[in-house]
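Read-outs: derived from the displayed coordinates by stated rules, not from any lab. This one's a predicted model, so the numbers in the text were calculated from it and none came from an experiment. FYI the Cβ positions are ideal-geometry reconstructions off the backbone, even for glycines, and counts take in every protein chain you see.
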């Protein structure tokens, strides 16, 4: 690993460590009974918000291989795929909402913290495999799907996405 590789992976590691602490502090701020209570996001419970936040990190495991492959191709090659995904935004939003409801039952108050830690550990291992010049490669994304998606996202922005997603939803937990 070159020095610039360590810097980028180290940067991500520092940010993820801080986010892990924030996630656990937020989780510890509610009781097990609060897990099923209505959140400040209408229609979702606190548990569903936590599951949705966690899924923002989990999905990176699927997005990362695609971004690394498209990052080796000419930049414009991923644009038609992103355009198609933007076209199906409405069905995606419906599935996304239902997914959080189901995930809120799979991820429980007792296991969500451990799963979060495992996912972050996996992502940090993957960050350590990215070479310095690869951090600025990426692909086009469906910017209509999430306010934290940019039209084109580099690997660095992709690793920062779940942190921004967490920040967007962390204040929706009701106590």
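Relative to the longest principal Cα axis of the chain, at what angle does helix 46-58 sit, 0 to 90 degrees, rounded to 10?
The angle comes out near 20 degrees.
Do you know the relative contact order of the stretch 3-172, to the nearest whole percent, from alpha carbon pairs under 8 angstrom that are 6+ apart?
36 percent
Of 55, 159, how do they rank once you tally other Cβ atoms within 10 Å and put the fewest first?
Arranged by neighbour count, lowest to highest, 55, 159 become 55, 159.
As a footprinting exposure proxy, order 28, 156 by other Cβ within 10 Å, with the fewest listed first.
Sorted ascending by nearby Cβ count, the order is 28, 156.
Going by how many other Cβ atoms sit within 10 Å of their own, how do 22, 134 line up, fewest first?
Taking fewest neighbouring Cβ atoms as first place, the list is 22, 134.
With equal scatterers on the alpha carbons only and no solvent term, can you work out the Debye log10 of I(q)/I(0) for the chain at 0.19 1/Å?
Scattering profile of the chain, log10 relative to I(0): -1.26.
Could you state the number of Å between the C-alpha centres of the stretch 31-106 and the stretch 111-175?
The distance from the Cα centre of the stretch 111-175 to that of the stretch 31-106 comes to 11 Å.
Tell me the mean residue ellipticity at 222 nm calculated for the chain from its helices only (DSSP H runs of n ≥ 4, each -39500 (n - 2.57), averaged over every residue, nearest 500).
-20500 deg cm²/dmol
Under the rule a/c < 1.5 gives rounded, and otherwise a/b versus b/c splits prolate from oblate, where does the stretch 99-155 land using the Cα gyration tensor?
oblate
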